[in-house]
Every structure is written in structure tokens, then in C-alpha cells.
Amino acid sequence: MRIGIGIVVAALCAAVGCGGESEPGRPQQTTRVSEPEVGTRQIGILAPAEAADTAFTYDTAAAPPGAELELEVVEADGMTTVRLSTELLQPNRGYAVHAHTEPCGRNGADAGPHFQHEVDPAATPDRPSVDPAYANPRNEIWLDLTTDGQGNGSAETTVPFVFDDRVPSSIVLHEQPTTATEHGRAGSAGARLACFTAPFR
Ligand SMILES: [Cu+2]
């Protein structure tokens, strides 16, 4: 009797195709040849801080309202690649840019410190990490860029980690053209000119 039922099931499967252990109504699994990619792509248009929703400028001369920021994040094979492209910022100017931990707000400080994969144990809310062992472009996400004559620019970085439950919440553009790397100042880049709330996942 058991054998008989087995043959009937086998025949049905041959006719309609049974999906191994898949449950009814669920798409069947396909074989993956590498880790799945996880990614986001977000666009923000700068607006004056008092009127902004997601993309804030705190200095309308250095980071003009209407400037566009596009952020792309791709996690794959244990690494994360982040691309930032900008349009209509100040022409021929450098901007130091980083991923920060908190969403943007009315004040530049609202975005919190730099996102760090391994958090500097010496850092406090009042004294951000300035230790190059932690404040560096492999443990943080730095996207320093220089604009062309039209104010367009781009930057890309690949860091040797993917995110766990902690992810960056924003991208901040700073006054200095590049990010400091020396001990005691590592990660410093001057005033916050603009901020784009862009959850990385
Ligand atoms: Cu920053």
C-alpha cells in the first residue's frame, strides 16, 4: 500500500513538477553562485534647513539649495561599495563627505558622529573619535569629492565590511576639501555644510 502511494506521488511530481521541500505558494529556491547583493539607491535635493525634509543645507552659498545628491549602497561578498554623485554644488570645490550615524535635522550636529564599523572606545558624544586606528576610510565611509565647473562631482569607496544591525543614517558634506588623517585630528573636516538623510538599508 505504501509503495502504491509512493508511485502515485512520483507520477504526480513527474506530471506537475514538485519542488523538493518547498511549501505550497512559495517561490522555489534557486541555486546561488555567490552571496546575494543588498543595495539601496536614494536621491535628495538640498533645501534650506528650516524647510528641508531629507536633504538639508546649513550654508546656502557653499551647498546651494537645489543641489542634488544621489547615494548608492551595495553590499556583496563581505564588502560594501558606496557611491555618491552630486549635481549643482559649488563649482571647482572640494568637499569632505562621510556617512554619519543619525538622521539629519535642523542643525548639522543632529547627524551625530561618523559611522564606524568598529567603534572607537575612547569616543564620547562630546569628543568624537580622532584616533586614526578607528577614524580612517576603511573603518568609516569617506566620500570626499571635488566638483567640476558645473558643480558636479562623484566619489566611490569600498570598505571591507557589511552592516549588521547598525547602519549609517545620513551623509554629511563638510567645509574642508578633504578629511584629516593625522593623529588627534583624524576624521575632522570642519563645519557641516549639508546633510542628506539616507538610511543605508
Ligand atoms: Cu563627517
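Working note: Karplus 6.51/-1.76/1.60 with θ = phi - 60° gives segment 77-87 the couplings 6, x, 10, 10, 10, 10, 10, 10, 10, 10, 10 Hz, where Gly and Pro are set to x.
Couplings 3J(HN,Hα) of segment 195-201, computed from phi: 8, 10, 6, 9, x, 7, 7 Hz, in residue order, whole Hz [Karplus 6.51 cos²θ - 1.76 cosθ + 1.60, θ = phi - 60°; x for Gly and Pro].
From largest to smallest, the equivalent ellipsoid semi-axes obtained for segment 38-197 from the alpha-carbon gyration tensor read 23, 18, 15 Å.
Once both labels are positioned 7 Å from their Cα atoms along Cα-to-Cβ, the gap between residue 188 and residue 40 label points is 3.1 nm.
Extending 7 Å from the Cα toward the beta-carbon at both residue 126 and residue 155 defines two label points whose distance is 2.9 nm. Cβ-Cβ distance of residue 83 and residue 50, R₀ of 25 Å, FRET efficiency by 1/(1 + (r/R0)^6): the value works out to about 0.25.
Throughout, read-outs are computed from the coordinates displayed, never taken from laboratory work. Here the structure is a predicted model, which is why all the values come from computation and not from measurement. We place every Cβ from the backbone using ideal geometry, glycine too, and count neighbours over all the protein chains shown.
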